Amino acid sequence: MIAVVVLTHNRCELLRRCVEDVLLRTSEKTREIVIWDNGSQDGTREYLDLVTDARIRVVHSPDNVGMTA
């Protein structure tokens, strides 16, 4: 099993590209893609709420807890 973890903060456009690339390039062994929204306020939350791939699990942190999220 492979898991991909993405940490983001106020980089919605880069995150969109990242999600598209990860979904296109992951193998069937990839079971989970965790995206940690680190308190973004630039539309990231709204974008992530629209992502429907069953492998993606989104965590919305209310605050930016830094790179150790």
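The values are calculated or read from the model by the stated rules, or taken from the named source; none is laboratory data. Everything numeric in this text was worked out from a predicted model, so none of it was measured. Note that we place each Cβ from the backbone using ideal geometry, even for glycine, and neighbour counts take in every protein chain shown. Just so you know, the surface numbers come from the protein's heavy atoms only, side chains and all, with ligands and any DNA or RNA stripped out. Shrake-Rupley method; radii C 1.70, N 1.55, O 1.52, S 1.80 Å.
A Cβ distance below 9 Å, combined with a sequence gap of six or more or placement on separate chains, defines the contacts here; from the stretch 41-68, residues that are surrounded by 11 or more Cβ atoms within 10 Å (Cβ to Cβ) reach residues that are among the basic types (Lys, Arg) and not in a loop (DSSP other than H, G, I, E, B) in the pairs Tyr47/Arg16; Arg55/Arg31; Val58/Arg45; His60/Arg45. How many residues, within the stretch 23-40, are hydrophobic (A, V, I, L, M, F, W, C), out of contact with any strand residue (DSSP E or B) (no Cβ under 6 Å at 6 or more places or on another chain) and surrounded by 15 or more Cβ atoms within 10 Å (Cβ to Cβ)? Selection size over the stretch 23-40: 1. Cβ-Cβ contacts under 6 Å between residues 6 or more apart (or on different chains), taken from a first residue in the stretch 3-20 that is in contact (Cβ under 8 Å) with a residue 40 or more places away in the chain to a second residue that is hydrophobic (A, V, I, L, M, F, W, C) and open to solvent by less than 80 Å² (accessible area, probe 1.4 Å), are listed as Leu7/Trp36; Leu7/Ala69.
Number of residues in the stretch 4-22 that are out of contact with any Gly (no Cβ under 6 Å at 6 or more places or on another chain) and open to solvent by less than 50 Å² (accessible area, probe 1.4 Å) equals 7. Looking at the stretch 12-43, which of the residues that are farther than 11 Å from Arg55 by Cβ and of a type in the set (Ser, Thr, Tyr) is farthest from the chain's Cα centre (by Cα)? Going through the qualifying residues, I end up with Ser27.
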